[in-house]
Amino acid sequence: MYTTSKERMTEKITAFSKFGALEGGGITRLSLSAPALEARAEFKRRTEALGLTVVSDDIGNIYATLPGSDPDAKRIVVGSHADSVRSGGNYDGIYGVLSGLEVIETVVTDKIPHRHPLTVMIWTNEEGARFEPAMMSSGIVLGKFEKEKMLAVKETGGQTTFGEALRSSGWVGDAKNRLNKEEYLAYFEPHIEQGPVLEEQDLEIGVVGGVVGMVNYDIILDGVASHAGTTPQTYRKDALRAASKVITDLWEQLGAIDPELVFTMGEIFCKPNIHTIVPAQIKFSLDARHRDMGILDKVVSVIKGLPTEVLGCTLYYDEHWGRKTIEFDAQLLDFVEGATKELGYTYKRMYSGAGHDAQYVSELLPAVMIFIPSKDGLSHTTVEYSTPEQTWHGANVLLNAVLKADSAL
Ligand SMILES: [Zn+2]
């Protein structure tokens, strides 16, 4: 068993915390913003100092590679993102990059023999907080999004396009550098859990088997707008009243399907949204996630079984989008689980409830993720936190899993 350095791992987290630092803690490091470019420059400086070769592709994804003993061997890559949401934390995304960097630094410093080249990479714009959608660059590489369309996306609340930000970043490289199956062998993505399970169950590592499938619907209720003072209660067709009944019913019905089903009605629009008018229309979202697509089929049946009329209002729905459950590579999972066991860390196999670049990459290369606990299950907030011990343990699992892949693949 090899181990990384806890001191170095902690120093990396601390050092990168200053790029986009907010008063009182946390960061705002939107994709390709000035602080994000500072973080990229620091990544380049550190990887080059370790003797890695740094290149970027045509969408600014960065790849820093350490050669292995076999010049013909394919590369093993560790990746994640360095951008954050507005008022985000010091772990989401950047932990994957910095644990990868720490693993390579350990390999260099301790002269650990390895046959395959080892790459650590940064995906551009994973969060989608400045340029929508999320996971934009891995989506472009995997053909999910059209590059030209993405280059034309304007920043939220501004005029700069993704293409302009990319050009002025200085990180536009060659499209032939994109992650590909001819040159790359396997993809690892360490990440904070972003949920409470590991902490609640007092576990150190999440061995992530995949990303849960999800369905996303809009449910709409049409009533009649009428005057708040002159329309007696009995004559109203109040869309909000009807929606509140539907939401309560959905909670009961969906809550009875499966204890691991998670569902959220998190967005609601009221028309005309005036305090003296009976609501004419309510539209609300329903997001449901589970690793078993059969359970999600049951969710869809509940939605399709909703009455078309509720308290005098008309109910209908739109399917927004969905994704099937993504299964990560069984062999890489065994490497991660094996490394975790050998290191003596407590763990569980689990699925990610959130989307990550690894889910797109898994269609290109064998891929896997490693989770470390998130304090209070919180992420996308300035108080996001994992302890130095936890970040170090995750890096140790990554190191040994990568070395298992290096010798077995
Ligand atoms: Zn992330």
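Assorted remarks:
- All positions within the range 132-149 that are touching a helix residue (DSSP H, G or I) at 6+ places or on another chain (Cβ under 9 Å), touching a residue at least 24 places away in the same chain (Cβ under 8 Å) and within 21 Å of Gly322 (Cα to Cα): Met135, Met136, Ser137, Ser138, Gly139, Ile140, Val141, Leu142, Lys144
- Filtered by the rule that a residue be outside any strand (DSSP E or B), more than 16 Å from the ligand (Cβ to nearest atom) and either of a type in the set (A, V, I, L, M, F, W, C) or touching a residue at least 60 places away in the same chain (Cβ under 8 Å) (or both), the range 56-93 gives Asp57, Asp58, Ile59, Gly60, Gly68, Ala73, Lys74.
- Glu105 satisfies every condition listed in (1) away from the ligand (no atom under 16 Å from the Cβ); (2) farther than 13 Å from Ile62 by Cβ; (3) not in a helix (DSSP H, G or I) except (3).
- Tyr360 fulfils the conditions (1) at pLDDT 95 or above; (2) within 16 Å of the ligand (Cβ to nearest atom); (3) assigned to a loop (DSSP other than H, G, I, E, B) except for a single criterion, (3).
- Of all residues in the range 384-409 being assigned to a loop (DSSP other than H, G, I, E, B) and modelled with pLDDT of 95 or more, the one that is nearest to Gly209 (Cα to Cα): Ser386
- Residue match in the range 103-113 (condition: buried (at least 22 other Cβ atoms within 10 Å of the Cβ), in contact (Cβ under 8 Å) with a residue 12 or more places away in the chain and over 23 Å from Pro366 (Cβ atoms)): yes
- Arg40 outside any strand (DSSP E or B) and over 24 Å from the mean Cα position of the chain (by Cα): no
- With respect to the conditions (1) aliphatic (A, V, I, L, M); (2) at pLDDT 95 or above; (3) surrounded by fewer than 22 Cβ atoms within 10 Å (Cβ to Cβ); (4) within 16 Å of the ligand (Cβ to nearest atom), Ala354 lacks only one, and its number is (2).
- Flag if Ser244 is free of Cβ contacts under 8 Å to residues at least 60 places away in the same chain, within 13 Å of Tyr317 (Cβ to Cβ) and in a helix (DSSP H, G or I): no
- Candidate set from the range 292-332 (those that are among the β-branched types (Val, Ile, Thr) and assigned to a strand (DSSP E or B)); member that is surrounded by the fewest Cβ atoms within 10 Å (Cβ to Cβ): Thr314
- Conditions (1) within 19 Å of the chain's Cα centre (by Cα); (2) surrounded by fewer than 22 Cβ atoms within 10 Å (Cβ to Cβ); (3) under 30 Å from Phe263 (Cβ atoms); (4) at pLDDT 95 or above: number failed by Thr346: (1)
- Residue check for Ile122: in contact (Cβ under 8 Å) with a residue 12 or more places away in the chain and more than 30 Å from Ser386 (Cα to Cα): no
- Given (1) within 19 Å of Leu399 (Cα to Cα); (2) more than 16 Å from the ligand (Cβ to nearest atom); (3) not in a strand (DSSP E or B), number of the condition Thr119 does not satisfy: (3)
The values are calculated or read from the model by the stated rules, or taken from the named source; none is laboratory data. Not measured: the values here are computed from a predicted model. Quick reminder, even Gly has a Cβ in these numbers, built from the backbone with ideal geometry, and neighbours come from all protein chains shown.
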